[in-house]
Amino acid sequence: MIAAAQPQITWLERQHDFGVFMEQDGKVSCQMPLVNTGDAPLMIVKAQAGCGCTGIDYPEAPIPPGDTAMVSITYNPAGRPGQFTKQVLIFTNTTPRRTVLEITGNVIPTAATLDKQYPLQAGSLRISQREVPMGELPKGKNKTQYLSAYNASTDTMVVSVTGAKDHLSPAIVPDTVPPARVTALTVHYHSANAPLWGLNTDTLTLVCEPLGPESSVIPGTAQIHVMAQVMEDFGSLTDQQRRDAPVAAIGCGDRIDFGTVKAGDVVSKSFEVTNRGKECLLIRRLWAPEGEGVTCTTSKTDIKRGKSATVTVTVDTSKQQGEMLNVPLTLITNDPESPRITVRLVGIIDKI
């Protein structure tokens with residue numbers, strides 16, 4: 001008995017990696033060669049792709065025994081940045097009748113997409129944000145925050161970070177970043193070592209460098225700002241300790257009015273801080289935003305029961321940009337009910 005002639009498909013390639021390429025460069029294509037190693041004509045009956053981003057072109061005519069043919073696969077990266085893996089199903093008149101072909105690649109986004117997702121730039125490194133906010137931290141508590149960064153080049157880069165301090169431990173993981181891949185800046189904050197009560201602001205510097213010579217990586221640096229509000233931890237106080245706690249009373253209310261002052265003048269006013277509680281009241285910090293020309297001093301930082309301290313506030317009006325004085329002054333104490341009190345410095349600056 002003579003066996004019936006049968007087609008037989010042999011693929012010379014079933015996978016293709018497009019590597020790293022730019023979204024702006026448009027569609028990419030590859031060809032998957034096959035050979036009819038049987039003794040009857042081979043037919044590609046149909047082809048299916050997983051989504052509309054992948055196109056398939058194949059011969060519709062029968063492929064004679066011994067002949068080679070090509071299946072062409074096209075990938076459209078528009079609006080699809082990042083790594084991708086796509087599969088294509090090819091159905092033929094052979095056994096088995098279905099073959100799975102696969103394409104992979106990594107798409108570097110367009111400038112518009114990068115600007116939206118990674119607005120901060122350090123050479124070829126794109127960074128998701130400029131600030132790392134830690135929020136409010138009780139003294140002694142630790143916190144970890146992250147931001148992501150993206151290698152927008154077609155070569156591997158090295159990323160490092162400087163600016164570590166006793167209360168600040170930054171790290172880049174991984175520090176060697178392949179093209180079109182993401183790395184992370186990890187920031188560990190140790191509030192017990194923070195230098196100030198209240199707002200602490202620190203600056204880290206990210207550095208991007210090429211891994212080797214003749215690289216497309218553009219070196220660069222970017223500053224990242226880390227902010228934390230470090231406050232007293234009152235969570236463990238007992239009811240009795242709260243009853244015995246210090247109580248801060250401000251003699252000026254919620255504002256100090258300097259009235260109308262001539263531009264360029266340096267003016268001062270004072271107010272009293274009184275301890276109406278039982279335990280000693282500690283003035284942790286007197287703070288006003290930098291660049292406003294405001295300085296403040298206190299006659300003492302520890303105030304016993306029933307006693308007061310005099311706080312003197314001085315304003316250099318030459319540092320004020322507008323005609324209205326409106327600057328917050330923050331008083332931080334160990335009063336568990338009102339650990340942070342804001343006094344508004346107001347007035348009119350006569351620039352005539």
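Points worth noting:
- Here is the size of segment 100-201 from its Cα atoms: Rg then Dmax, 16.9, 62 Å.
- Cβ-based charge dipole, segment 106-185, positive-most Cα from Gly163, Pro109, Gly140: Gly140
- Thr92 sits among other residues whose Cβ lies under 13 Å from its own Cβ, and their net charge, with Lys and Arg +1 and Asp and Glu -1, is +2.
- Nearby lysines by direct alpha-carbon distance to Lys300 (threshold 21 angstrom, same-chain neighbours under 8 apart not counted): Lys269, Lys278
- The dipole here belongs to the chain: it is taken about the Cα centre, uses +1 on the Cβ of Lys and Arg and -1 on the Cβ of Asp and Glu, and is about 1180 debye.
- Excluding same-chain neighbours fewer than eight residues apart, the lysines reachable from Lys351 by a Cα-Cα span under 16 Å are Lys262, Lys319.
- For a paramagnetic label modelled on Lys278 (point 7 Å from Cα along Cα→Cβ), amide N atoms under 14 Å away belong, within segment 221-247, to 238-247.
- Across segment 135-292, the volume of the C-alpha convex hull divided among the residues equals 173 Å³ per residue.
- Convex hull volume per residue in cubic angstrom - Cα atoms of segment 1-119: 89
- The separation of segment 24-71 from segment 120-143, counted between C-alpha centres, amounts to 50 Å.
- Test item: Cα-centred dipole of segment 186-302, Lys/Arg +1 and Asp/Glu -1 on Cβ, debye: 520
- Straight-distance crosslink candidates among lysines, where the alpha carbon sits under 29 Å from Lys165 and sequence neighbours closer than 8 are dropped: Lys139, Lys141, Lys143
- Amide H contacts of Arg284 (H built 1.01 Å from N, under 5 Å, at least 5 apart or other chain): Ile332, Thr333, Asn334
- Ellipticity at 222 nm from helices only: DSSP H runs of n ≥ 4 in the chain, each -39500 (n - 2.57), divided by the residue count, give -1000 deg cm²/dmol.
- Counting only Cα atoms, the size of the chain along its three principal axes is 116, 57, 36 Å, in decreasing order.
- Accessible area in the full protein assembly, largest first, 1.4 Å probe, for Ser236, Ser338: Ser236, Ser338
- Percent of beta bridges antiparallel (DSSP, segment 126-254, rounded to nearest 5): 85
- Val100 contributes about 60 Å² of solvent-accessible surface, heavy atoms of the protein only, 1.4 Å probe.
- Packing-based ranking of 237-247, 150-160, 277-287 yields 150-160, 277-287, 237-247, ordered from highest to lowest mean Cβ neighbour count within 10 Å.
- Remark: segment 68-132 projects, on average over all directions, an area of 7.1 nm² (convex hull of Cα atoms).
- D by Stokes-Einstein for segment 232-348, Kirkwood Rh over Cα pairs, 10 °C, 1.306 mPa s: 106 µm²/s.
The values are calculated or read from the model by the stated rules, or taken from the named source; none is laboratory data. Quick caveat: nothing in here was measured; it's all calculated off a predicted structure. When we count neighbours, we look across all protein chains shown, and the Cβ atoms used for this are built from the backbone with ideal geometry, even at glycine. These area figures cover heavy atoms from the full protein model, side chains too; ligands, DNA and RNA do not enter into them. Shrake-Rupley method; radii C 1.70, N 1.55, O 1.52, S 1.80 Å.
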